[in-house]
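All remarks here apply to the structure that follows.
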Amino acid sequence: MTTTTGDPGAGPFLSVRDLYVRFDTEDGLVRAVDGVSFDLERGRTLGIVGESGSGKSVTNLSVLGLHDPRTTHTRGEILLDGQEMTGATERTLERLRGNKVAMIFQDSLTALSPYYTVGRQISEPYRKHTGASRKEAWERAVAMLGKVGIPQPALRAKDYPHQFSGGMRQRAMIAMALVCDPRLLIADEPTTALDVTVQAQILDLLHDLQQEFGSAIILITHDLGVVANTADDLLVMYAGRAVERGTVRDVLREPRHPYTWGLLASMPRLESDVAVPLAPIPGAPPSLLAPPPGCPFHPRCAFVSEVGGDRCASERPVLAEGRSAACHLSAEQKRTLFDERIRPRLG
Ligand code: ADP
Ligand code: MG
């Protein structure tokens, strides 16, 4: 028997191919995601890093079909467990969200409804998904609130979101995302607003989810330290494109893209006694209304002359499958420039 939706169970759990996302705005067309591809296997964690505005959230909101179709143009292929997500009906997407797939949003206020108690917002999806009784589901919600570090969870479950602090709302949303044991969890800057202890607690919960259910996790973060400790694979994004990919170990040890070098150099080093001054990447990311031709990073890149000619300004570098960096420097140049000019500065 053949199916048009592919073969669940075979191939990567999530496969994104040549994704383009554009927004119609008053100012023009925003090219938020510009040809991004990646795969994610069951049981693995993909870290996505990049400066603010690089398209990390937009990419992942597309996976869940959460963009407004009236103003968003999406092209490309998103296969989740063999099922095509682009163009899936709202009903299919509804069923997948909060069941097979869950997302921890960057902004907890948009994810929680002001009209229902926190406990209800966590217990209802669980009841719907598992068929548990109201009482069981409520108990599960209280347990989840405890797990994410909400004190007196049985009491606080009866609160409305506005009675929670920002950090507590963030944790409530994490509880909501985890309550149905999703097989794909997209965590968009999940711990940014949280203190270090709670942060560690949350990362432990993600780890447990993965151990128990073989879930795949996408972890979007600014924090390369978090990525180093929790992710298996890494995707570096810049100006709506994926510019470097590989295992976390390879990318952090032998980064090959000048943008990744910049990110590493601007990252505060916690383990060092002396506060190492940050070396921010000069300049700012380009406007996505009119991204530069060629390599989007070339206006900020210190190595354009090493490539020579106007290649960086005219020819778009390609990101290959597997270990790759979308940069016109030769493999040899990437290695020697990193070893001689960048590594010594990283300390
Ligand atoms: P990141 O998560 O990497 O910080 P985003 O994915 O949120 O970045 O945004 C990528 C780009 O798309 C930004 O320039 C942002 O302003 C733009 N953008 C995001 N959502 C919308 C929208 N709904 N309408 C118009 N532009 C948007
Ligand atoms: Mg974001």
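The values are calculated or read from the model by the stated rules, or taken from the named source; none is laboratory data. Please read these numbers as outputs of a predicted model, since none were measured by experiment. Here the Cβ is made from the backbone with ideal geometry for all residues, glycine too, and neighbour counts use every protein chain on show.
Side notes on the structure shown:
- Put simply, of Ser123, Ser133, Ser108 the only residue that is within 16 Å of ligand 1 (Cβ to nearest atom) and out of contact with any Leu (no Cβ under 7 Å at 6 or more places or on another chain) is Ser108.
- In segment 301-328, the residues that are touching a helix residue (DSSP H, G or I) at 6+ places or on another chain (Cβ under 8 Å) and over 17 Å from Arg256 (Cβ atoms): Ala313
- For segment 67-97, filtering for residues that are touching an Asp or Glu at 6+ places or on another chain (Cβ under 7 Å) and at pLDDT below 85 leaves 1.
- Some residue of segment 74-91 being crowded, with 21+ Cβ neighbours inside 10 Å and free of Cβ contacts under 8 Å to residues at least 40 places away in the same chain: yes
- Any hit, segment 42-57, residues being without any contact (Cβ under 8 Å) to a residue 12 or more places away in the chain and either away from ligand 1 (no atom under 14 Å from the Cβ) or crowded, with 21+ Cβ neighbours inside 10 Å (or both): no
- Within segment 43-162, helices (runs of 4 or more DSSP H) holding 3 or more residues that are small (Gly, Ala, Ser): 134-147
- Looking across segment 178-201, the residues that are of a type in the set (A, V, I, L, M) and in contact with a Gly (Cβ under 8 Å, 6 or more places away or on another chain) come down to Ala193, Leu194, Val198.
- Residue in segment 14-28 that is touching a strand residue (DSSP E or B) at 6+ places or on another chain (Cβ under 8 Å), closer than 24 Å to Cys295 by Cβ, among the aliphatic types (A, V, I, L, M) and part of a helix (DSSP H, G or I) present: no
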